[in-house]
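Quick notes on the structure that follows.
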Amino acid sequence: MIRAVFLGVCAVVLAGPANAQAVKLSGAEIRALLTGNTALGRWEGTPYRQYFGPDGVTIFAAEGTRPTRGEWRVDDAAEEYQSIWPRDEEWEGWFVMEFGDTYYWVSKATPPTPFQVLEGEQLVAE
């Protein structure tokens, strides 16, 4: 199933310019991208910001809601970002893909979700 999702994402992303390629980030690349930085995107249509602390704490702040504190890590063997939230019982994993200047969260359960990375902790829009 993971392979099918991954191949589907590649097909969608590769439909762009002929010379562009989608790249699946390694565990080390995911860690370097996220640690100490903030992701900015839309989740189910709602704008959000998510900070990834170097201590493994993550804070998800969606527009119009209270921020939620969770934990994050990188599974190097699976080459994926993982998170767990207060109401979750298990860690959930996501591949991180890069295409051009945009990154994508990719999971078994959702379509590829684009995001950008802002340097540092930027939970509040400037």
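The values are calculated or read from the model by the stated rules, or taken from the named source; none is laboratory data. Just so you know, these numbers come straight off a predicted model, no measurement behind them. Using ideal geometry, Cβ is built from the backbone for each residue, glycine included, and neighbour counts are taken over all protein chains shown.
Points worth noting:
- Failed condition for Y104, given (1) on the phi > 0 side of the Ramachandran plot; (2) touching a residue at least 40 places away in the same chain (Cβ under 8 Å): (1)
- Test for T65: is it of a type outside the set (A, V, I, L, M), in contact with a strand residue (DSSP E or B) (Cβ under 7 Å, 6 or more places away or on another chain) and either surrounded by 14 or more Cβ atoms within 10 Å (Cβ to Cβ) or not in a strand (DSSP E or B) (or both): no
- For beta carbons closer than 7 Å, sequence separation of 6+ or different chains, a first residue in the range 64-90 that is over 20 Å from S26 (Cα atoms) and a second that is assigned to a strand (DSSP E or B) and among the aromatic types (F, W, Y), the qualifying pairs are P67/F60; T68/F60; G70/F60.
- Candidate set from the range 73-126 (those that are among the acidic types (D, E) and within 16 Å of A32 (Cβ to Cβ)); member that is surrounded by the fewest Cβ atoms within 10 Å (Cβ to Cβ): E119
- Residues of the range 80-118 satisfying the condition of being farther than 23 Å from P67 by Cα and either in a strand (DSSP E or B) or at pLDDT 95 or above (or both): E80, F95, M97, E98, F99, T102
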